[in-house]
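The values are calculated or read from the model by the stated rules, or taken from the named source; none is laboratory data. These numbers were taken from a predicted model, which means no experiment stands behind them. Every residue, glycine among them, receives a Cβ derived from its backbone with ideal geometry; neighbour counts consider all protein chains shown. Please note that ligands, DNA and RNA were not included when accessible areas were found on the heavy atoms of the full protein model with its side chains. Shrake-Rupley method; radii C 1.70, N 1.55, O 1.52, S 1.80 Å.
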Amino acid sequence: MLGLALLQKEEFAEGVRELEKALDLGRDANPKSYMVEEIWQELARAKYLEWEHESTKRSWELQKLKGTCEAALKEKQFLDSSEKEGFVDETMKANADQLEALDRVFQKAAEDDIPTEIPDYLCCKITLDIFRDPVITPSGVTYERAVLLEHFQKVGKFDPITREYLHPSQLVPNLAIKEAVRAFLDKHGWAYKID
């Protein structure tokens, strides 16, 4: 509740921190609980809002900085052209190249805020959603824990892809994928958006 209250006050970082604590406590108490899923959805929404806020701020700062840099380059071009009267074409070409380079730099700087495809290895083979709590089976396939446990209850205790018998005790947390997901989401906050 504290995390949600902080989000209402637009204190995103603190709200995310409190929701992460609640999620950890919920996973330790009862990982299959609907509450864990609800907390994760609120955490994802909070992180998306935090990213959106920061992204907008970065975008404005980049645009302001780009405008300042372009104005400085154009002023330099004006001063260079008045000093080098015989070399106007060379000066204009050099300044045009600098403006193009500046544009490329700012496009690269804004790249992380542009949504793209989420890599397949970061998505569950069943839901095709990004992993939250990935587990690996003895056959080497990684699934979302909650989805696989639901599969065991509804369909049977076997691997959905290999069809081999599989018991819940054989599931091992896939910490490498979990860390890769975390790194991806830290860099690409737009991926938290839940449709």
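Things worth noting here:
- Using θ = phi - 60° and Karplus 6.51 cos²θ - 1.76 cosθ + 1.60, couplings along the stretch 51-68 (whole Hz; Gly, Pro as x): 4, 4, 4, 5, 5, 4, 4, 4, 4, 5, 5, 5, 5, 5, 5, 4, x, 5
- For the stretch 108-164, the fraction of C-alpha pairs farther apart than 14 angstrom is 58 percent.
- Given charges at Cβ of Lys, Arg, Asp, Glu: the chain dipole, positive-most of 123, 13, 59: 123
- Label zone at residue 121, where the point sits 7 Å out along the Cα-to-Cβ direction: the stretch 180-194 residues whose backbone N lies under 15 Å: 180-185
- Between the amide H of residue 166 and those of 158, 159, distances stay under 5 Å, these residues lying 5 or more places away or on another chain, with hydrogens modeled in the peptide plane.
- Carbon and sulfur %, accessible surface of the chain computed with the full protein complex present, 1.4 Å: 55 percent
- Inter-part distance where the stretch 39-74 and the stretch 138-183 are each reduced to a Cα centre, Å: 37 Å
- Value of Rg to Rh for the chain (Rh from inverse mean 1/r over Cα pairs, i.e. Kirkwood): 1.21
- Using θ = phi - 60° in the Karplus curve 6.51 cos²θ - 1.76 cosθ + 1.60, the 3J(HN,Hα) couplings for the stretch 127-134 round to 8, 6, 8, 5, 5, 10, 9, x Hz; x is entered for Gly and Pro.
- Computed label-point distance, nm, for sites residue 4 and residue 111 using a 7 Å Cα→Cβ extension: 4.0 nm
- Assigned charges on the beta-carbon of Lys, Arg, Asp, Glu; the stretch 103-176 dipole about Cα centre (debye): 380 debye
- Label-point separation, residue 70 to residue 17 (7 Å along Cα→Cβ), nm: 3.9 nm
- Mean separation of Cα contacts under 8 Å, 6 or more apart, over the residue count of the chain: relative contact order %: 19 percent
- Pairs of alpha carbons in the stretch 5-55 whose separation is greater than 16 Å (percent): 36 percent
- Electrostatic dipole magnitude of the chain [Cβ: Lys, Arg +1; Asp, Glu -1; Cα centre; debye, to 20]: 760 debye
- In order along the stretch 152-164, the phi-based Karplus estimate (6.51 cos²θ - 1.76 cosθ + 1.60, θ = phi - 60°) of 3J(HN,Hα) comes to 4, 6, 8, 10, x, 8, 8, 5, x, 9, 7, 6, 7 Hz; Gly and Pro are listed as x.
- Local electrostatic count at residue 192 - Lys and Arg +1, Asp and Glu -1, tallied over other residues with Cβ under 10 Å: +1
- Accessible area in square angstrom per residue, the chain, 1.4 angstrom probe: 67 Å²
- Cross-link reach list, lysines versus residue 154, counting only Cα pairs under 18 Å and skipping chain neighbours closer than eight places: 32, 125
- Förster-model FRET efficiency, 41 Å R0, residue 99 and residue 25, C-beta, rounded to 0.05: 0.15
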